[in-house]
Amino acid sequence: MNTKNATRLAGVGMVCMMAAFAVMSFTGCEEVTGLNGLSITPSSIRLNPLSNSNYVDFAVNNSVSNDLALPIMWNVSNPALGYIDYRGGYKARYFRYPASGDNVITARDQYANEGSALVKQY
């Protein structure tokens, strides 16, 4: 290989490396802003098997903006009292068991923002 071709290849290699660096620098590193907290509706509810249904529907939203960082993970603090059934997007349904007590429902987005609601069941 002559010197002219070697110089040309080195220049092409340098351009390729710079392009790869630029792509790596600008993708996958976006800063997340505006997702400070989530709120769950209703925030508190009482379930009495004699007068109420044995389930309640919850919805979550961002308490600062209208943006949600999906997916949302739903949890209950006490699985002996009931369970949460994810309904997709920003909705879930809590089903109670016959036991009595308080259960905290928690929703967490992919950036670890959380919101919670309280279920009091008798």
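Taking a ≥ b ≥ c as the square roots of the eigenvalues of the Cα gyration tensor of the range 38-121, is the shape rounded (a/c under 1.5), prolate (a/b larger than b/c) or oblate? Verdict is prolate for the range 38-121.
A cut-off under 10 angstrom between Cβ atoms defines the neighbours of Val56, and their net charge, with Lys, Arg +1 and Asp, Glu -1, is +2. Near Asp85, the amide H atoms lying under 5 Å from its own belong to Arg93, Tyr94, Phe95; only residues 5 or more places off or on other chains count, and H is placed 1.01 Å from N. Each pair of Cα atoms in the range 80-122 enters the Kirkwood radius, and Stokes-Einstein at 4 °C and 1.567 mPa s then converts it into a translational diffusion coefficient of 114 µm²/s. Remark on Asn78: its backbone amide H falls under 5 Å from those of Val104, a criterion applied only to residues 5 or more positions apart or on other chains, H modelled at 1.01 Å from N.
Read-outs: derived from the displayed coordinates by stated rules, not from any lab. Since this is a predicted model, take the numbers as computed values, not measurements. Note that we place each Cβ from the backbone using ideal geometry, even for glycine, and neighbour counts take in every protein chain shown.
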